[in-house]
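Heads up, the thing below is written out as structure tokens.
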Amino acid sequence: MIEKITPDRKSILANIRIQRFTPSEHKSAYFDNFKVNVETGMTVLEALRLIKNTQDSSLTFRAFCRSKICGSCAVRVNGKPVLACSTQLMPILEDFKKDSVSIQPLKNMPVLRDLVVDIEPVIEKLSKMHPYLMENRERIPVTLEQESIMSKQEHSRFDYITDCILCGSCYSACSAASADPNYAGPLTLGKAYRFSADVRDSFQGERMQAAVDQGLWSCAQCRKCINVCPKDTRPAVSIQRMRKMSIDDGIHDTAGSRRAKAYTGDVAKYGQVNKPMLPVIVNGPKGWAAIEAADNYLKKHGIEPTRQVCMLGGQSSTQKIYDKVKELEAKGENKT
Ligand code: SF4
Ligand code: SF4
Ligand code: FES
């Protein structure tokens, strides 16, 4: 006999706080409150549609596929960017132990109305990255009968990022994009990596320079983009890989590449970073001002400044890890 499983259905009368804003009518954004009977399984998008159909037809939001495919429905729920169509409300209410939840538009993009943001500025940045294949004559066949076959290993270099649906969640969560509106952002740099890592592409150099010009080294590696991506495309990992590719491509004249080289060189030599001299290594003679400021601060607190790396116990272990990483890289086994 087949046992019938009935899901434990619950219902909570919740207060849904929605950020409202119409640029032509309001000076600043404000919140409206709506009472909704949230049932087990109800998604954020279903709640928004219910409110629009029964309480306020002027509520504006964007959605299309309702299947986590088109990327158009991203909003922030209790501050975190999510896809409205694939995020259920009940677990959020239970996690926060509250009967109230806030829904806001994505951050770091201009609001067009209520929950709809203008993603056009991000798409403009993306277009500067040449997000398409420029044929590599050595890999593209000359006749239609031939195929351009990649090995599994070649494909795995970028396979994980092809699922990006341009939802903008990572851009909304990005600390570097909040700090600098000119920063390209995670989805943009992720796409740049996707094409640069493709063996059928011949455009790496130009695309790499475009990425460097648009802030490849400004990423703080906070990994918030990884945390919020609904497709697990790991933009911060692509950015790390792109940085390495840019150094391998000979783009050394950036503070970021100098810092990366100093870090790896110092760890190989001392087992740790030579912090006292880092400002000069990264910024050239301009860095002395930062070193002098640090010296004065230390002296003021009775500490004698040093230019030497302080060797600590156990540093030989760090060097062993470094050597092991290099060994794995040489064998092509380091996947990070
Ligand atoms: S990388 Fe992820 S979060 Fe960013 S746009 Fe693509 S799917 Fe959305
Ligand atoms: S890791 Fe970089 S790209 Fe990702 S959210 Fe942080 S600063 Fe932005
Ligand atoms: S409506 Fe398409 S991803 Fe949500």
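The H on the amide N of Lys80, modeled in the peptide plane, is under 5 Å from the matching H of no residue at least 5 residues off or on a different chain. Between region 181-201 and region 91-162, what is the separation of their alpha carbon centroids in Å? Distance between centres, Cα-based: 9 Å. Couplings 3J(HN,Hα) for region 10-20, derived from phi with the Karplus relation 6.51 cos²θ - 1.76 cosθ + 1.60 (θ = phi - 60°), are 10, 8, 10, 7, 9, 9, 9, 8, 10, 6, 10 Hz, where x marks Gly and Pro. Dividing the convex hull volume of the alpha-carbon atoms in region 160-229 by its residue count gives 84 Å³ per residue. Rounded to the nearest whole Hz, the Karplus-based 3J(HN,Hα) values (6.51 cos²θ - 1.76 cosθ + 1.60, θ = phi - 60°) of region 223-238 follow the sequence 6, 5, 4, 5, 4, 9, 5, x, 10, 6, 8, 6, x, 4, 5, 4, with x at glycine and proline. The phi-based Karplus calculation (6.51 cos²θ - 1.76 cosθ + 1.60; θ = phi - 60°) puts the 3J(HN,Hα) values of region 150-165 at 9, 6, 4, 5, 5, 5, 5, 5, 9, 3, 5, 9, 5, 7, 4, 10 Hz, whole numbers, x for Gly and Pro. Quarter the surface of the alpha carbon convex hull of region 113-155 and you get the mean projected area, 5.9 square nanometres.
Solvent-free Debye calculation, one equal scatterer per alpha-carbon of region 1-155: log10 I(q)/I(0) at 0.15 Å⁻¹ equals -0.84. Protein heavy-atom accessible surface, 1.4 Å probe, per residue over the chain: 58 Å². The mean sequence separation of alpha-carbon pairs under 8 Å and at least six residues apart, normalised by the residue count of the chain, gives a relative contact order of 12 percent.
Spread over its residues, the convex hull of the C-alpha atoms of region 209-277 is 113 Å³ per residue. What shape does region 240-294 have by the C-alpha gyration tensor, where a ≥ b ≥ c are the square roots of the eigenvalues, rounded means a/c under 1.5, and otherwise prolate means a/b greater than b/c and oblate the rest? Oblate.
Between the amide H of Cys229 and any residue lying 5 or more places away or on another chain, no distance stays under 5 Å, with hydrogens modeled in the peptide plane.
With a threshold of 24 Å on the Cα-Cα distance, the over-threshold entries among Lys27/Lys191; Lys80/Lys261; Lys244/Lys326; Lys261/Lys324 are Lys27/Lys191; Lys80/Lys261. Across every direction, the projection of the convex hull enclosing the Cα atoms of region 235-336 has a mean area of 8.3 nm². Here region 251-316 exposes an accessible surface that is 60 percent carbon and sulfur, computed with a 1.4 Å probe and the other protein chains kept in place. Between rounded, prolate and oblate, where does region 107-251 land on the alpha carbon gyration tensor, with a ≥ b ≥ c its root eigenvalues, rounded for a/c under 1.5, else prolate if a/b exceeds b/c? Prolate. The antiparallel fraction among DSSP beta bridges confined to the chain stands at about 85%.
Computing Rg and the Kirkwood Rh from the Cα coordinates of the chain gives a ratio, Rg/Rh, of 1.06. Taking amide hydrogens as placed 1.01 Å from N in the peptide plane, the amide H of Phe158 sits under 5 Å from that of no residue at least 5 positions away in sequence or on another chain.
The values are calculated or read from the model by the stated rules, or taken from the named source; none is laboratory data. Treat the numbers as computed from the prediction; the structure is a model and nothing was measured. Surface areas here come from the heavy atoms of the whole protein model, side chains and all, with no ligands, DNA or RNA. Shrake-Rupley method; radii C 1.70, N 1.55, O 1.52, S 1.80 Å.
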